[in-house]
1. Among the residues of the range 96-118, are any more than 27 Å from the chain's Cα centre (by Cα), surrounded by 17 or more Cβ atoms within 10 Å (Cβ to Cβ) and farther than 26 Å from residue 52 by Cα?
2. Can you name every residue in the range 448-472 that is within 30 Å of residue 323 (Cα to Cα) and modelled with pLDDT of 90 or more?
3. For the range 188-214, which positions are at negative phi and without any contact (Cβ under 8 Å) to a residue 24 or more places away in the chain?
4. Look at the range 569-587 and say how many of its residues are touching a helix residue (DSSP H, G or I) at 6+ places or on another chain (Cβ under 9 Å), in a loop (DSSP other than H, G, I, E, B) and either modelled with pLDDT under 95 or closer than 18 Å to residue 600 by Cα (or both).
5. Tell me yes or no: at least one residue of the range 30-49 is surrounded by fewer than 17 Cβ atoms within 10 Å (Cβ to Cβ) and closer than 20 Å to residue 89 by Cβ.
6. Could you grab me the full set of residues in the range 178-199 that are surrounded by fewer than 17 Cβ atoms within 10 Å (Cβ to Cβ) and assigned to a helix (DSSP H, G or I)?
7. Quick one: residue 581 ticks every box in (1) touching a strand residue (DSSP E or B) at 6+ places or on another chain (Cβ under 6 Å); (2) closer than 30 Å to residue 271 by Cβ; (3) in contact (Cβ under 8 Å) with a residue 60 or more places away in the chain except a single one, so which number is it?
């Protein structure tokens, strides 16, 4: 933009102040010839010669912006807006510059003022929508984008921006319609194809989403975001080589981008290249030490590698990740520093999933050993069971009134506070126990069933997280279609028990004993598990429960393993009675189940549970 105010310029020239028209003519000539630096010098001369004219600072701000000197552009727009409070374009560009600088609290008022001064300029409403969206004010953002579209119905940028907000609000059908309208108006608008791809992905139309991302890349091959979205989509579908390649392309496009390094690291992690992933995450931290994503991903990777001292320290950055920051508990009382505090009351509060609580609740006993009176706040389904835990004086359910306390701690911060490394994992088991009466009742129920053999509990699926795309992708990798467990069911000498509370049901011909209708919470599940000889489970809360109860448990583990299981070996320092069966190739559950079935044959034989004639007889021919 090279707008000039001719009236002000002519008045200034007639007063003999400066010949601004000649300077502007020279600047425009330089711009048309592609001499941006020379044009900028002309605008700087104009602003210096007529500092009282807001238009000179405005035009200088535009020139600075075109040169990529955003800080200088912002200062020029501030001067223009200060000199002319009614200068709508100055306030609009000032708001946009503040938005690009991440100064959202200042950007919104500037853009609102511009919209008040010039309510018929659609671009101002579009920029205001962007500011609201970055603040997380989705309803206000949608209203601003709709105002822009009402003024200019054929406004593809505002249409796809509205589509992005509607997608975030879960209004996927309307979001897709907005994107398609934008594409009809501007078929080469990469942003619209990219947002449509996100909408289609969230709708479960994965093939169409992939095509939309590829179209966005073709339309704007130097825009990184479609590469990232396509890579994430392919990773979620079990592909690894192509996502790494796509993320490398992004890193080449924007070599100093923290996001690019994090995305490449994540793709390498998913491909099983842990050391390379750590290198990328360290580079992201070096580029921006103040950004949480690099630290968080580095922490997860270091923990998976077994470097707990550094891993737990970096993992503390999780609370600055937007998704975690939104649910962080905040109290007037200070955070506990891990030091002994005899007589003080410590509130330990669960923060993530049920499995996390079952794994890390063991630290409550260590806190009590440091002289603190411990209150443990957990998810309601765990409250009764965790009453058996040594250490806490009180176990309350999340949402109940909190007793008085002096200090508090997030549950998954305790390994860091206690300086946990591989050799010092507190692994004394069992640290949880079912109620004796409940165990007897479950035993009586099982005795009523006319089946014999060692009792083996089965779990094949976790929480589907249907409405959280990245978590749903994780669950798809860790869960197994129950039909694939058939080789386990073929092992003789066993009585299989269903421990799957929700999720896809097992085939009827499996003949599993199913008492889950009577299960109300984890105390009931613990009583049932206490009557079993073995639990076989995917990576979900029941695996943690069995390990905490000290029962033998076999974990059927995915290729991209969770950090707590490390990356190799059949054992884990967290649960001495656990054996891990790992995928060596992504999504290859058949090999994992075949290995577990072979091991199960040997285990049954070692327990003396094979009936006469149950073992196959080798032919002598």
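1. yes
2. Narrowing the range 448-472 to residues within 30 Å of residue 323 (Cα to Cα): 459-472.
459, 460, 461 - these are the residues of the range 448-472 that are within 30 Å of residue 323 (Cα to Cα) and modelled with pLDDT of 90 or more.
3. Result: 205, 207, 208, 211, 212, 213, 214.
4. Kept after step one, since they are touching a helix residue (DSSP H, G or I) at 6+ places or on another chain (Cβ under 9 Å), are these residues of the range 569-587: 572-587.
Now drop any that are not in a loop (DSSP other than H, G, I, E, B), which leaves 572-577, 583-587.
Right, trim to either modelled with pLDDT under 95 or closer than 18 Å to residue 600 by Cα (or both) and you get 577, 583-587.
Within the range 569-587, residues that are touching a helix residue (DSSP H, G or I) at 6+ places or on another chain (Cβ under 9 Å), in a loop (DSSP other than H, G, I, E, B) and either modelled with pLDDT under 95 or closer than 18 Å to residue 600 by Cα (or both) number 6.
5. Looking through the range 30-49, none of the residues is surrounded by fewer than 17 Cβ atoms within 10 Å (Cβ to Cβ) and closer than 20 Å to residue 89 by Cβ.
6. Once the filter is applied, which keeps residues that are surrounded by fewer than 17 Cβ atoms within 10 Å (Cβ to Cβ) and assigned to a helix (DSSP H, G or I), the range 178-199 yields 180, 184, 185.
7. (3)
To keep it simple, each residue is scored yes or no on (1) in contact with a strand residue (DSSP E or B) (Cβ under 9 Å, 6 or more places away or on another chain); (2) buried (at least 17 other Cβ atoms within 10 Å of the Cβ).
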| site | (1), (2) |
| --- | --- |
| 395 | yes, yes |
| 400 | yes, no |
| 405 | yes, yes |
| 408 | yes, yes |
| 417 | yes, yes |
| 423 | no, no |
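The values are calculated or read from the model by the stated rules, or taken from the named source; none is laboratory data. Just so you know, these numbers come straight off a predicted model, no measurement behind them. Methodologically, a virtual Cβ is constructed for each residue, glycine included, from the backbone with ideal geometry; neighbour enumeration extends over all protein chains shown.
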